[in-house]
Amino acid sequence: LVEARRAATTDPESPRVQRLLATGWDLAGRARQLRDDLAGAEEAYLAARDLQRRWVERDPDNLDWLQALGVAEQNLGLLALQRGDAAAAVERMTASRDVSAALSSKSPTNPDWRRDLGISEIQLSDVLGEAGRPDEARAAAARSIATYDALLAGTPASEVYMHDVAAALQQLAVLEADHDRAAAIAAIDRSVSLRRRVLAGADTDAATSF
């Protein structure tokens, strides 16, 4: 971080140097978070986020900077959750989800961006549940399932996408348990069915490898 800050002072307009600086702040945040220095971690994550946001504003078509901004918002959301600030976690995870949606929109044929959107929705569902907003949590889980289902429809044999859908369905089932028991049971049934397909595929692969 010290070297990156020194380089940024001498060459503040270099995207490469600014990316190194943002990475330095991100790593500093992670190190401080591991030491339970949550205030220091937030300071570092905010520095990384603000730097990435400025470069996204300067170069909105640069998807690498946009992705980095989404990760920075996610880091802040997880940190807020660790602090017990569910409202702040929702705000930051919503921002991260919005970045994932923008990436998916800018590159709709990129399955990685679309999968990231599904992940962002399920993470948002988590924090909405923690914040006591069950209706919104269910809606986010449902959007995640829809995103993964679209990916699975394009690649029906993908065990990764089957696992993604199954995990999101399981989360939806938990959220529906006290709201709509029939919906919860349907979600669990489909989740189990998908997991069985994954296991069956694994068994077949193991059998044919001998």
Inset, instruction - Answer yes or no: is there a residue in the range 100-115 that is free of Cβ contacts under 8 Å to residues at least 12 places away in the same chain and more than 19 Å from the chain's Cα centre (by Cα). - result: no
Legend entry - Condition broken by Gly84, with the remaining ones in (1) of a type in the set (Gly, Ala, Ser); (2) modelled with pLDDT of 95 or more; (3) exposed (fewer than 14 other Cβ atoms within 10 Å of the Cβ) satisfied: (2)
Inset, instruction - Working carefully through the options Arg138, Arg115, Arg190, Arg181, find the one that is modelled with pLDDT of 95 or more and under 21 Å from Val71 (Cα atoms). - result: Arg115
Inset, instruction - Could you please find all residues in the range 18-46 being farther than 15 Å from Leu81 by Cα, open to solvent by less than 40 Å² (accessible area, probe 1.4 Å) and touching a Gly at 6+ places or on another chain (Cβ under 7 Å)? - result: Ala44
Inset, instruction - Identify, by number, the condition in (1) in contact (Cβ under 8 Å) with a residue 24 or more places away in the chain; (2) surrounded by fewer than 17 Cβ atoms within 10 Å (Cβ to Cβ) that Asp126 doesn't meet. - result: (2)
Legend entry - So Asp178, is it out of contact with any helix residue (DSSP H, G or I) (no Cβ under 6 Å at 6 or more places or on another chain), surrounded by fewer than 16 Cβ atoms within 10 Å (Cβ to Cβ) and not in a helix (DSSP H, G or I): yes
Inset, instruction - From the list Thr147, Thr155, Thr109, pick out the single residue that is closer than 25 Å to Val71 by Cα and exposed (fewer than 15 other Cβ atoms within 10 Å of the Cβ). - result: Thr109
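The values are calculated or read from the model by the stated rules, or taken from the named source; none is laboratory data. Here the structure is a predicted model, which means the values were calculated and not measured. Because the Cβ atoms are built from the backbone with ideal geometry, glycine has one as well, and the counts that use them run over all protein chains shown. The accessibility values were calculated without ligands, DNA or RNA, using every heavy atom of the protein model including side chains. Shrake-Rupley method; radii C 1.70, N 1.55, O 1.52, S 1.80 Å.
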